Amino acid sequence: MYQPGLKGVVAVETELSNIDGEEGILTYRGMAIHDIVQNYSFEEAAFYLLHGTFPSEKELQGFQSHLNKYRYMPPYLQQIIDQLPIEQEMMDVLRTAISAVTFYQDDTHDTAIQLIAMMPTIIACRFRHSQNKSFIVPDNNLQHVENFMYMLTENVDSTHVKMLEAYLIMTMEHGLNASTFAARVTKSTQSDIISAITSAIGTMKGPLHGGAPSGVIDLLNEIETKDNIYETIHSKLKNKERIMGFGHRVYKTVDPRAEALKQIILGLENRPEWIELALQTEIATIDMLKKYKPNQQLYTNVEYYAAAIMKSLEIDPNLFTAIFSSSRIVGWCAHAIEQESNNTIFRPAAKYIGK
Ligand code: ACO
């Protein structure tokens, strides 16, 4: 049976996460995402996804020192990044840089940690280069997320780190989304994990997947003030345009990650005006989508409030998809490992409709 976009087709078995799209519940290996974000660090959540259990103190130390070791970019990689044309988008740079990583051991687990550790360094290095700022060397006294903020901004504000860490943990893993599927397809040919992650990055780049948060910022910039909300959304829907940050293939109610991020935002003191604009735009848009698309259940997805968090942290919109990738790489790696352990090459059929 032909299913455009493989909608509803079950293509793998996984122990990594479960999404209840009707109830709006997301669990990693059986634990609600909300509980993981409240109680564990980025490193602990990553270890849990990769290994299946939370680390003991000793295991955590080992994992952290492993990550620390791989934070440093070899000079040849920095040269490649610096030589890429300055107008090249961050996701293109990330795709090229990750594909150029050399793996010294033929061990998928070890290479996974290497890639997870190196991703923030690549992003920060390129970002600062594009801003004519000098590269900030990783600081091994800092945790993974703290160090990422430090390399990007030279600042480590604990509230900012907490917000970013919550977002990164919440977006590590999400079933067989397009980029994860791409990673698994590549790994299913018995290719290596670096090739799998390169495929995933190319897939993540698209505006219907990881490219949505900067689209949300564009939308809110276009709306500008609350008096324009109705007119802007109305004219987009009339022109059959999609409203960025709304709708999800799996969730038929509010995306639990969007809800959790929204709660973080509501807890902020002195919310900026544009956050109020985002909150009001959400209400008005859901209302209008119900009228324009009565047969669809369209609510805010994670990208909508991810954009709000990123803007609160004053992170450049050009970095949004890359930062999202720096968390989703954990899920990509965990899926690549899972695929390797029980592999069948992906080879769906095409229905011929030509002459
Ligand atoms: N705005 C307006 N209409 C929408 C939207 C939207 N954001 N999303 C879906 N629709 C409509 C479509 O136009 C279509 O209407 P029709 O049947 O009248 O033609 C219908 O809903 C179904 O659309 P599909 O693309 O088939 O739905 P699907 O569930 O596959 O789409 C997707 C999921 C791609 C995320 C979609 O909702 C979308 O394009 N959203 C905007 C982009 C976005 O926010 N992406 C981030 C997703 S989250 C993530 O990737 C981490």
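Laboratory data are not the source of any read-out in this text; all were calculated from the coordinates shown. Keep in mind it's a predicted model, so treat the numbers as computed, not measured. Here the Cβ positions follow ideal geometry from the backbone for every residue, glycine too, while neighbour counts run over all protein chains shown.
When only the Cβ of Lys, Arg, Asp and Glu is charged (+1, +1, -1, -1), the dipole of the stretch 178-314 relative to its Cα centre reaches about 760 debye. Using a Gaussian network model of the chain in which every pair of alpha carbons under 10 angstrom is joined by a spring, one finds that among K205, K133, K262 the greatest mean-square fluctuation is at K133. Shown for the chain are the DSSP H helices of 20 Å or more along their axis, judged by Cα atoms, with a mean Kyte-Doolittle hydropathy of at least -0.5: 108-130, 273-292, 320-341. Ignoring everything except DSSP H segments at least 4 long, calculate the 222 nm mean residue ellipticity for the chain; use -39,500 (n - 2.57) per segment, divide by total residues, nearest 500. Counting only the DSSP helices, I get -18500 deg cm²/dmol. Other residues with beta-carbon under 13 Å from the beta-carbon of D35 carry, at +1 per Lys or Arg and -1 per Asp or Glu, a net charge of 0. Semi-axes of the equivalent ellipsoid for the stretch 31-90, computed as √(5λ) from the eigenvalues of its C-alpha gyration tensor and ordered from largest down, come to 33, 17, 8 Å. What is the local net charge at V12, summed over the other residues whose Cβ is closer than 14 Å to its Cβ (Lys, Arg +1; Asp, Glu -1)? Net of charged neighbours comes to -2.
Does the stretch 216-291 come out rounded, prolate or oblate, given a ≥ b ≥ c as the square roots of the eigenvalues of its C-alpha gyration tensor, rounded meaning a/c under 1.5 and, failing that, prolate meaning a/b above b/c? Oblate shape, in that a/c is at least 1.5 and b/c is the bigger or equal ratio. A viscosity of 0.890 mPa s and a temperature of 25 °C, combined with the Kirkwood radius over C-alpha pairs in the Stokes-Einstein formula, give the chain a diffusion coefficient of 116 µm²/s. Histogrammed with a bin width of 10 Å, the alpha carbon distances of the stretch 108-253 distribute as 9, 27, 33, 23, 7, 0 percent, first bin at zero. About its Cα centre, the dipole of the stretch 177-251 is roughly 400 debye, where the only charges are +1 on Lys and Arg Cβ and -1 on Asp and Glu Cβ. Out of every Cα-Cα pair in the stretch 259-325, what percent are more than 16 Å apart? It works out to 52 percent of all Cα pairs. Taking Cα centre as origin and charging only the Cβ of basic (Lys, Arg, +1) and acidic (Asp, Glu, -1) residues, the dipole magnitude of the chain rounds to 1340 debye.
Kirkwood radius for the stretch 81-127, taken over all pairs of different Cα atoms as the inverse mean of 1/r, rounds to 11.4 Å.
Could you work out the local net charge near S214, counting Lys and Arg as +1, Asp and Glu as -1, over the other residues with Cβ closer than 15 Å to its Cβ? The answer is -4.
Each of N68, Q78, F148 was scored by the projection of its Cα onto the charge dipole of the stretch 13-155, and the greatest displacement toward the positive side belongs to Q78; charges sit on the C-beta of Lys, Arg, Asp and Glu.
If each Cα of the stretch 17-168 is one equal point scatterer, what is log10 of I(q)/I(0) from the Debye formula at q = 0.20 Å⁻¹? Taking Cα atoms of the stretch 17-168 as identical point scatterers yields -1.31.
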